[in-house]
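The values are calculated or read from the model by the stated rules, or taken from the named source; none is laboratory data. This structure is a prediction, so every number in the text was calculated from the model and none was measured. Backbone-built Cβ (ideal geometry, glycine too); neighbour counts: all protein chains shown. Surface accessibility is based on the protein's heavy atoms, side chains included, excluding ligands, DNA and RNA. Shrake-Rupley method; radii C 1.70, N 1.55, O 1.52, S 1.80 Å.
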Amino acid sequence: MEILLLNIRQLVQIEDQQPVEYRAGKDMLHLPLIADAYLHIANGVIQGFGKMHEIPDHLLDAQDDRFVIDCTGKLVFPSFCDSHTHIVYAGSREMEFVDKIKGMSYEEIAQRGGGILNSAQRLHQTSEEELFDQTMIRINEISRLGTGAVEIKSGYGLSPEDEIKILRVIKRLKKESDLTIRSTFLGAHAIPAQYKENPSEYVDLIINEMIPVVASEELADFIDVFCEKGFFSVEDTDRILMAGMKYGMRPKIHANELSMSGGVPVGVKYNALSVDHLDYMDDKDIDCLKNTETMPTVLPGASFFLSLPLAPVRKMIDAGLPVALASDFNPGSSPSGNMKFVQSLGCIKYKMLPEEVINATTINSAYAMGLSSTHGTIAVGKVANVFITRPIPGYEYFPYAFGSDLIEITILNGEIH
Ligand code: NIG
Ligand code: FE
């Protein structure tokens, strides 16, 4: 399909003269755009874009197989890249939500066998086919909400069979969904009840039995560990990352969600692609991330849903770091994959400016899932994943109208949805 978008009020997040992999520090305020623009898409990729008055004549010649959309008053953005989700899960956990409203903490719920272990039990009882069907509903939901690429973790299996079940579902989603998907092995998400007295045996199981199978079936692009008090220690994390890296899986770490966990330095030590959550951060962890290839990633939905302290995003950006934002879509700490709402939380709760949240959810989050060469900006040759808004005054309006559905048309791989 060939598509031509005309009279776009603002074509946002175009690649300007100097392509970069991500934007950091003051540069996060840089948001290149073209007012009154056109965008030409064919063969699934972006072919060209520019000012309306500079559009090449041949594009305006009528052609039967070219679909023309008049975007007067409307904005076009690159689709969101959601670099951290646990979207493959069975059932839901709204009863724990009620317990939390009544005053229980996330840790208390986990300690009495709820939380991740609750989801693991449900997943164990769910067939691979059913798990795929339940997940596809959420995949379709986030694609309607403007997401074009998503990272998905395992971690609700916690046994070799069930972890593989999740990763096979992800592999099938990669083929059957229109989203670009990256997969992460997170066997180290929680200690199963039967290993409670001897957690290092579970770490051995991950290293000796799970990682080799995951690698041989090519089921994961990345490896993750929930490095946290009561979950996996820095030593466990160290061992697991080393084992995964031997098989070519680059780390992405859950760090500092509930405490200063030591996850940032161990992630940086192994050149993690990202360290995620960061609700607790001190100056040492901020310094540790400087001049590294590790993307600090903040998950505002989880902090909002669990009323956790807010990551010191302003301080991190002012220290020159880049920041990515992702949804953490999962049944326990963030039952939403709405990246537009994540942007709004970034502005409202973290005092990020609209330009910063747009960079954090497109170019920077593309980097955090290894997709910066193909996604995250409007650039010639990149995958044609974009969305068209309803008529709105300008890009600042998008995170401002936090509850409004402003997305009118989504285009994935150059196809209208
Ligand atoms: O990213 N922190 C660990 N994992 C998820 C929560 C998982 C759950 O509660 O089911 C998170 O917040
Ligand atoms: Fe998570």
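For (1) in the same structural domain as N359 (by TED's automatic domain parsing); (2) in contact with an Asp or Glu (Cβ under 8 Å, 6 or more places away or on another chain); (3) under 17 Å from F226 (Cβ atoms), each residue gets a yes or a no:
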| site | (1), (2), (3) |
| --- | --- |
| L241 | yes, no, yes |
| G244 | yes, no, yes |
| G248 | yes, no, no |
| S259 | yes, yes, yes |
| G262 | yes, no, yes |
| H277 | yes, yes, yes |
| M295 | yes, no, no |
| L306 | yes, no, yes |
| I317 | yes, yes, no |
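Please work out which residue is farthest from ligand 2 (Cβ to nearest atom), limiting yourself to the range 252-278 and to residues that are under 18 Å from G301 (Cα atoms) and hydroxyl-bearing (S, T, Y).
Pass one, the range 252-278, residues under 18 Å from G301 (Cα atoms): 253-259, 274-278.
If we keep only those that are hydroxyl-bearing (S, T, Y) too, we end up with 259, 274.
Details: S259: 15, S274: 11 Å.
Restricting to residues being under 18 Å from G301 (Cα atoms) and hydroxyl-bearing (S, T, Y), the top hit is S259.
In the range 275-344, which helices (runs of 4 or more DSSP H) lie fully inside it and hold 3 or more residues that are within 17 Å of the chain's Cα centre (by Cα) and away from ligand 1 (no atom under 12 Å from the Cβ)? Show your work before the answer.
Values: elements: 283-289, 300-306, 313-318.
Result: empty, no element qualifies.
What pairs come out if I take residues in the range 29-52 that are surrounded by fewer than 20 Cβ atoms within 10 Å (Cβ to Cβ) and pair them with residues that are among the basic types (K, R) whose C-beta lies under 7 Å away, six or more apart or interchain?
Sorted first by the residue in the range 29-52, then by its partner, the pairs are H30/R23; A35/R9; D36/K51; V45/K382.
Please work out if S119 is hydroxyl-bearing (S, T, Y) and either away from ligand 2 (no atom under 16 Å from the Cβ) or touching a strand residue (DSSP E or B) at 6+ places or on another chain (Cβ under 6 Å) (or both). Steps first, answer last, please.
Values: hydroxyl-bearing (S, T, Y): yes; either away from ligand 2 (no atom under 16 Å from the Cβ) or touching a strand residue (DSSP E or B) at 6+ places or on another chain (Cβ under 6 Å) (or both): no.
So S119 fails the test.
Which of (1) of a type in the set (V, I, T); (2) part of a loop (DSSP other than H, G, I, E, B); (3) crowded, with 21+ Cβ neighbours inside 10 Å does I358 not meet, given it meets every other one?
In the conditions (1) of a type in the set (V, I, T); (2) part of a loop (DSSP other than H, G, I, E, B); (3) crowded, with 21+ Cβ neighbours inside 10 Å, I358 misses (2) alone.
Pick from S127, S119, S200: which is among the hydroxyl-bearing types (S, T, Y), open to solvent by 40 Å² or more (accessible area, probe 1.4 Å) and out of contact with any helix residue (DSSP H, G or I) (no Cβ under 8 Å at 6 or more places or on another chain)?
Every option except S127 fails the conditions.
Considering every residue within the range 307-315, establish whether at least one is surrounded by fewer than 24 Cβ atoms within 10 Å (Cβ to Cβ) and more than 30 Å from Q111 (Cα to Cα).
yes
Can you say whether V234 is open to solvent by less than 30 Å² (accessible area, probe 1.4 Å), closer than 27 Å to A110 by Cα and of a type in the set (V, I, T), as far as the supplied structure shows?
In short, no.
Condition first: free of Cβ contacts under 8 Å to residues at least 40 places away in the same chain and touching a Gly at 6+ places or on another chain (Cβ under 9 Å). Now tell me which residues in the range 215-226 satisfy that.
Those that are free of Cβ contacts under 8 Å to residues at least 40 places away in the same chain and touching a Gly at 6+ places or on another chain (Cβ under 9 Å): A215, I223, V225.
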